[in-house]
1. Report yes if some residue within region 11-20 is open to solvent by 20 Å² or more (accessible area, probe 1.4 Å), assigned to a strand (DSSP E or B), more than 23 Å from G121 (Cβ to Cβ) and without any contact (Cβ under 8 Å) to a residue 24 or more places away in the chain; otherwise report no.
2. Out of D137, D149, report the one residue that is of a type outside the set (K, R), without any contact (Cβ under 8 Å) to a residue 40 or more places away in the chain and on the phi > 0 side of the Ramachandran plot.
3. Looking only at strands (runs of 3 or more DSSP E) that lie completely in region 94-147, which have at least 2 residues being closer than 24 Å to D5 by Cβ?
4. If a residue must be crowded, with 23+ Cβ neighbours inside 10 Å and either modelled with pLDDT of 95 or more or of a type in the set (D, E, K, R) (or both), how many such residues does region 90-122 contain?
5. Evaluate the following for V145: is it open to solvent by less than 10 Å² (accessible area, probe 1.4 Å), farther than 20 Å from A57 by Cα and in contact with a strand residue (DSSP E or B) (Cβ under 8 Å, 6 or more places away or on another chain)?
6. Being in a loop (DSSP other than H, G, I, E, B) and of a type in the set (G, A, S) is the filter here; which residues of region 168-188 pass it?
7. Can you tell me which of K120, K110, K91, K55 is touching a Gly at 6+ places or on another chain (Cβ under 7 Å) and closer than 28 Å to L17 by Cβ?
8. For the subset of region 152-167 comprising residues that are within 15 Å of the chain's Cα centre (by Cα) and assigned to a loop (DSSP other than H, G, I, E, B), which member is surrounded by the fewest Cβ atoms within 10 Å (Cβ to Cβ)?
Amino acid sequence: MTDADVLQIFRDTGALLEGHFLLRSGLHSRQYFQCALVLQYPRLAGQLCGELAAKFAGDGAATVVSPAMGGLFIGHEVARALNVRHIFVEKNAAGRLELRRSFQVAPGEKILIVEDVVTKGGRVQETIDIVRAHRGDVVGVGALVDRSDGKVNFGVRYENLVKLHVETFEPAACPMCRAGSPVVKPGS
């Protein structure tokens, strides 16, 4: 599956939005990937996540871990394709990610971390730190969309389905803000 194929799926499902958006990273952008609009179609979710899983097929992951909310379906579908367990981290009352719901990571357990979209990689890094705090072995990171422009390094193999240069702006330097365009925060 090529970058163009993946982008066409996002366009066909209305998941690649155009406008003025506030990203989870705090940056502003003219484009937003609303992965939930693709993932609402199980066949497409299975197809995309199967492609991502194939990149890690020989890595021996025993468990896929994903950050909630955006990574839930992706983690589940990648785990299904790899025939392994899927668990997730989620926000606590303080807004920090943590392993909850009696999920466990065994010392030395091989973990693959997956996410929907990576811009700065903060939630992925937080997930890596949680897995390592439980003495898990992170074998890789996967994402459907990489919009980091090559600026993230998780210290493990990182794969994605599509790399896309999407211009982002700090709020103080955002040309859309200066033009008076209202900012929208679509959410994960």
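The values are calculated or read from the model by the stated rules, or taken from the named source; none is laboratory data. Here the structure is a predicted model, which means the values were calculated and not measured. Backbone-built Cβ (ideal geometry, glycine too); neighbour counts: all protein chains shown. Side chains are part of the model used for accessible areas, which takes the heavy atoms of the whole protein and leaves out ligands, DNA and RNA. Shrake-Rupley method; radii C 1.70, N 1.55, O 1.52, S 1.80 Å.
1. Step one: filter region 11-20 for residues open to solvent by 20 Å² or more (accessible area, probe 1.4 Å), giving 11-14, 16-19.
Among the residues that remain, those that are also assigned to a strand (DSSP E or B) are: 16-19.
Adding the requirement that they be more than 23 Å from G121 (Cβ to Cβ) leaves 18-19.
Add one more test, that the residue is without any contact (Cβ under 8 Å) to a residue 24 or more places away in the chain, and what stays is 18.
Among the residues of region 11-20, at least one is open to solvent by 20 Å² or more (accessible area, probe 1.4 Å), assigned to a strand (DSSP E or B), more than 23 Å from G121 (Cβ to Cβ) and without any contact (Cβ under 8 Å) to a residue 24 or more places away in the chain, which makes the answer yes.
2. Numbers: D137 fails: on the phi > 0 side of the Ramachandran plot.
Matching residue, one of D137, D149: D149.
3. On the way: elements: 97-99, 110-118, 137-146.
Here the list reads 110-118, 137-146.
4. Selection size over region 90-122: 6.
5. On the way: open to solvent by less than 10 Å² (accessible area, probe 1.4 Å): yes; farther than 20 Å from A57 by Cα: no; in contact with a strand residue (DSSP E or B) (Cβ under 8 Å, 6 or more places away or on another chain): yes.
Taking the combined requirement at face value, the residue does not satisfy it.
6. Here is the first cut: in region 168-188, the residues in a loop (DSSP other than H, G, I, E, B) are 170, 174, 179-183, 185-188.
Result: A179, G180, S181, G187, S188.
7. Details: K120 fails: touching a Gly at 6+ places or on another chain (Cβ under 7 Å); K110 fails: closer than 28 Å to L17 by Cβ; K91 fails: touching a Gly at 6+ places or on another chain (Cβ under 7 Å).
None of the others qualify; the one that does is K55.
8. Within region 152-167, the subset within 15 Å of the chain's Cα centre (by Cα) is 152-154, 157-164.
From what is left, the residues that are assigned to a loop (DSSP other than H, G, I, E, B) are 152-154, 157, 164.
Numbers: V152: 18, N153: 10, F154: 16, R157: 14, L164: 18.
The selected residue is N153.
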